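Q: Sharing a structure here in structure tokens format.
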Amino acid sequence: MARFCLFMVSILAVAAGAQAHHSTTHFSDEFTEMEGTLVDLRWRNPHVYFMLEVEQDDGSTRVWEMEAGTIYMIGRAGVTRDMFTVGDRIRVAGNMSTVYDDKFWLTNVLLADGREVLVVARGEPRWTDEIIGGRNQWSNAALHADNTDDADEGIFRVWSPPGPGSGIVDDRDPNLPLDQIATEASLAVKETWDPYAFDERCERAGVPRVNFGPHPHQFIADGDNILLVSEEFDLVRTIHMNSDIDPESQPFSPLGVSVGRWEDDNTLMVETSRVNFPYMNLGGYGQSEQMRMTEVYTLNEDETQLSYKVTITDPVMLTAPYIQTGVWVDLGEGMVGYDCVVTTDN
């Protein structure tokens, strides 16, 4: 049997594992295992990369570029850089690219010492019952401590996605999946989507995708306006409050023009338009410049949780509104730089 490919099996849960940053649009639905030598490890944004040298049937070797999750998402589950040693022989599992012949979506790593590490947030154990990583192991302790002296007040703090141990469940009505409400025009854009090229150029996402990122977000009071900062992509949106700004007079941009108002002391509503980012999410679904987004953020009574509901309409790309809901929590996290590194050596 070839050392390169131990076996391939059909798997249904592939897509869930890759939503940290982008979808499995360009990856096979078949699950593949390999063994080889770890020859390089790139612990960086937008994704961690493992370079695995694998011996093939004819005795030659081949190096695979294996994309894993983001530093933040796998870090929340206790996966750290020092677990992996360049030069070690490891076993891996994941999904081959259907577009590139040397790229791979990596989900599981079996280390030389027998530990199994899940290197995507929604990975599942494959070889052992004792694993490190995965969304079920997300800690509700801050990954990066907040070292600022700023006092948090109301909505104005850093909000983080909760882990399972928080006991927080968002039980609102489920959203219709995009593949059920996307038009042919949206699906046509998706067919041209190349997540690797997006990552390698360190491109930044636009609205609405930046709102769905499973990374910390921070609201900052900025005079009459509010800044909404996303740690992922290092993006800052300005929400115009108490303003007579006319969105239709403003230029289009990836983040658009956002106008907000307080519904009450604990509820912020934001309307966004004039967006020219071509993708509704990093699965590549298309959106048009007619897209409109409404966000509702509601602070709970003890100010420990912030629930959100995001509603997207687009008469060109959607047959019905696309709705995302969720809850963020105050873990006392700090915001750290994203520091994306452009890939130039592949």
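What follows is calculated from the coordinates using simple rules that are stated; it is not laboratory data. Everything numeric in this text was worked out from a predicted model, so none of it was measured. Cβ atoms come from the backbone with ideal geometry, glycine included; neighbour counts cover every protein chain shown.
Q: In debye, nearest 20: dipole of the stretch 205-346 around its Cα centre with unit charges on the Cβ of K, R (+) and D, E (-)?
A: Dipole of the stretch 205-346, to the nearest 20 debye: 600 debye.
Q: Counting helices only, and only those DSSP H runs with n ≥ 4, report the 222 nm mean residue ellipticity of the chain as the sum of -39,500 (n - 2.57) divided by its residues, in deg cm²/dmol to the nearest 500.
A: After summing the helix terms and dividing by residue count, I get -2000 deg cm²/dmol.
Q: Now for a different question. Taking Cα centroids, how far is the stretch 265-304 from the stretch 193-210 in Å?
A: Value for the Cα centre distance between the two parts: 18 Å.
Q: How long are the semi-axes of the ellipsoid equivalent to the stretch 268-324, from square roots of 5 times the Cα gyration tensor eigenvalues, in whole Å, largest first?
A: The three semi-axes for the stretch 268-324 are 26, 11, 10 Å.
Q: Arranged from highest to lowest average of other beta-carbon atoms within 10 Å per residue, in what order do the peptides 72-83, 272-283, 238-249 appear?
A: Answer by packing, highest mean first, reads 272-283, 72-83, 238-249.
Q: With all distinct Cα pairs included, what does the Kirkwood hydrodynamic radius of the stretch 8-137 come out to in Å, to one decimal, could you say?
A: So the Kirkwood estimate lands at 14.5 Å.
Q: What's the local net charge at Arg237, with K and R +1, D and E -1, over the other residues with C-beta under 14 Å away?
A: So the environment of Arg237 carries a net charge of -3.
Q: Here is a further query. Farthest toward the dipole's positive end in the chain, which of Asn108, Ser186, Ser60, given Cβ charges of +1 (Lys, Arg) and -1 (Asp, Glu) about the Cα centre?
A: Ser60
Q: Moving on. What is the distance, in nm, between label points placed 7 Å from the Cα along the Cα-to-Cβ direction at Glu191 and at Ala320?
A: Output for this residue pair reads 2.5 nm.
Q: Which whole-number percentage describes the relative contact order of the chain, with Cα contacts under 8 Å and a sequence gap of 6 or more?
A: Averaging sequence separation for qualifying contacts and normalising by length gives 16 percent for the chain.
Q: Here's another thing I want to ask about it. Order these peptides, 102-112, 198-208, by their mean beta-carbon neighbour count within 10 angstrom, highest first.
A: Descending mean neighbour count gives 102-112, 198-208.
Q: Follow-up question, since we're still on this one. Which of the peptides 332-341, 164-173, 62-71 is most tightly packed, and how do the rest follow, judged by the mean count of other Cβ atoms within 10 Å per residue?
A: Result, highest mean first: 62-71, 332-341, 164-173.
Q: Can you tell me the alpha carbon radius of gyration of the chain divided by the globular rule-of-thumb value 2.2 N^0.38 Å?
A: The chain yields a ratio of 1.04.
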